[in-house]
Every structure is written in C-alpha cells, then in structure tokens.
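The structure appears right after this line, and notes come after that.
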Amino acid sequence: MAKAISQAVGAYCDSDKSAKALQAGVNATMNTMAVILANVMAKTTADASAQGVAMSCAGGYVSQQIKASKVAFINALTDASAVVFNHQCAAAHSRMKTMANALSDSIDESFESISSKCAKAAAAAEPVAVNAEDIVKKTLTHNKPVVASIAEAFQDAVSCGCKPGNCFWCVANEANKTLTGLDAYVATPSGPFKAAVLMISDVFGWRVDAARVWADNMAKQGFLVVVPDYFKGEPRKKTDSPGTFAAWRAKFPRETVMKQSTDMIAAIKAAYPSVKKVGVAGFCWGGLYSVLLAGGKAPAVNAAVVYHGSLLTRADIEAIAAPINFQQADPALDNQIKTQFYKEIKAILDDKAKKGLDASITYYPNMPHGYSLRGANATVSASATTAFSSGAAFFKKHLN
C-alpha cells in the first residue's frame, strides 16, 4: 500500500497540479485501497478466491469477521501513510490518519452490501460470487470525507516540496547485470561517480524490494551500488525451518563468498573505470563479509558498514584494518550480537580508534535484528532511515 500511495503522490507532484491530475491521483489511491480491502475481506472470511475480488458467500460474514477486517485494513493504511509521509510531511500524514478513521462507516457499508447479496443467494439456494472490489470502490467513492482527505493529503505533499513522492522505502527500480558469473542488481547514480558500494544482502537475498530500495537510495547519494546474487537463486525463505539453516549455510562456504566478493570488486572497477574506491555494506549474513573484507594486512575495501552483523567472532573483529562502522540492533533484543559481545566489539573498536582507525559501533534502542532493511514497516522506519543516513555519511567520508 505504501508503494502505491507513493507512486500516486509522485505522479501528482510531477504533473501540472491541475484538478484533473489531482482526481487521477485520488482515483488511483482509491482503487488501490479497494483492491487491498477486498483482499483483506477474503482472507478474514477464509474465502477460497486467490485474488479476493470474486468472493463466494460460503462461511458467512459475521460481525467478528467484519471487525477483524476493518482493524487490519485501517492499521495497514495508517502504517503506509506513516512510511510515505511521516518523516517528510506531517500535515499529509495527519490528513491520512483522519481519513483512516472516516473509513469505518464505508467498510461497514461494504460488508453489509456483501452480506445482503449473500443472504439473498442463500434464500434462493443459489451459489453466488460477489465482486467485493467493485462494492468497496463504490462505497469509498461515495464517502466524501474520505475522498476529500486523500485530495488534501496530495495537496499538502505539494506544499511540502513533493518529497513524499519519492518515498524512501517504497519503490525499487529494475536494473540487473551479470558480473563474474553472478547476477547482480545495479543501481546507478544520475550523475558522474567515482566510488562504488558492494551491498551484501541478508539471507533473504538480492531480489527482495528492501535490498533494492536500499541500493537505489544509496545510488542517490552518488555511489554505484552492486547487489550480487550470492545464493544463485536459493536464498532463505521466511517460511524455512530454523533447523535447516546450518545445511543451507553450508552451501555458501566463507572462502567461496570471499573470493566471489574480491572478484566482484575487481569486476566493478573493470566495468566502471570511473570507480576508484569501493566500500561494502553488509546486512546480517552479509555483515560478516563486511568485516572480513575490511580485515587483514591488505583490506579489499576502502570502507565498510555493518548492519546488524551476524556469525562474527572476536578474531574477526580484531583483524579489522579498514575504516568500519557498525549500525546494530538493540543488543538486548539481537540474537546475534548480544550485550556482552557488543561490549567486546566496542572495546576492540575503541582501541583501534585510539590508534587512528575510524572504527565505531552504535545501536538503536528497541530495534530488532534485521531492522535496517525493514524501513517500510512504520515501527522501525525512523531508525532504519537514520541508520541508512549514517552509513551514507560514512561512505562519503571515506570513498569520496
């Protein structure tokens, strides 16, 4: 939903700001809301429809299901508004929150209409499918406070300089390339560049929107960003059992990943001759390789940033020899770098800093492991955005 709202606002901000353009933006948002609410209804009522558009009447539509659907949808809408607007346009976010509250009656009306159609079908002993999307769209369109709030939010975005149209965590581009035998997502700056960032993803891989959006945002900071598919199409899935992790990880030995990384760095410089320096940003599983590439007598990178690193040892930390910055989850919540190990890492890095190496670690209170690539989640968006900005500033300091 955040992605759709961001795209609609962005289109309006890039338009002539006419009444027609505003209506187009409002309509696009209403259509998205109708589709999502129809899907929420279908899931809540255990409907068999894959899309939630043509809903069967099996199972009924009781008040408890209505309430659950309403709460789920309004929460999702409020979260989406927070992600798109909250950090850049508080006025627009406030409008959307007001609109979310005004939705309650429309959602009830939609359910009543669906229930009525189902009741008639039951009385006639005839099977029926209800087009929930059309019903929702019709009731939303007739809700004038909802329509007005969306339009006002778009206009507020204009007064804020249209920054919400470039939602920081919403839209990934699509630009793939093959380097040294690995597929890679490549985000290119709009202007000249002289440095690159090798992004090493978490265990969920290079294809997830979060990784690509992060790469796109870093490219806007003036760096070429390359996100290789180290897992060759076999990343972890969120549904995988924890008990299978060791066997999965064994498919990607440390020595192999390190060689792939150093080969990738060489390939980046060969493919993009303007690149003189390379940094690495590693997330979770990738954080290990940020540390390793920054280690030894001849570090492979000019700077490294670690986001909630994992699988690290004290020896790995002690071997660091290149500028490095850790952006960690809360040690009290992190299952990888817990409080005691965090203190050990900090002591080692502080000692290196005293000897002249730019090495530091910080953490974000109440942030869980993995927070930095979950910026589309309103509960971690602020910390994820701050962590991104800190990493970008560190790269600018050492790569420019």
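The values are calculated or read from the model by the stated rules, or taken from the named source; none is laboratory data. Everything numeric here is computed off the predicted structure, so don't read it as measured data. Counting neighbours? That spans all protein chains shown, and the Cβs are built from the backbone with ideal geometry, glycine included.
Listing for the model above:
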item	result
Selected residue (criterion: nearest to residue 153 (Cα to Cα)) from residues of the stretch 1-21 that are among the hydrophobic types (A, V, I, L, M, F, W, C) and buried (at least 18 other Cβ atoms within 10 Å of the Cβ)	9
Subset tally (residues that are free of Cβ contacts under 8 Å to residues at least 24 places away in the same chain, of a type in the set (Gly, Ala, Ser) and under 14 Å from residue 319 (Cβ atoms)) for the stretch 250-307	1
Among (1) modelled with pLDDT of 95 or more; (2) under 29 Å from the mean Cα position of the chain (by Cα), the one test that residue 376 misses	(1)
Restricting the stretch 270-310 to residues that are among the basic types (Lys, Arg) and not in a strand (DSSP E or B), the residue that is farthest from residue 224 (Cα to Cα)	297
Cβ-Cβ under 7 Å pairs, at least 6 apart or on other chains, the stretch 336-355 side touching a residue at least 12 places away in the same chain (Cβ under 8 Å), far side polar (S, T, N, Q) and surrounded by 19 or more Cβ atoms within 10 Å (Cβ to Cβ)	336/310; 337/328; 342/328
Spans of helices (runs of 4 or more DSSP H) in the stretch 143-250 with at least 2 residues of a type in the set (S, T, N, Q) and modelled with pLDDT of 85 or more	144-159
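Listed here are the residues, each with its yes/no results for (1) among the hydrophobic types (A, V, I, L, M, F, W, C); (2) closer than 19 Å to residue 398 by Cα.
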position	(1), (2)
244	no, no
250	yes, no
268	yes, yes
288	yes, no
302	no, yes
310	no, no
327	no, yes
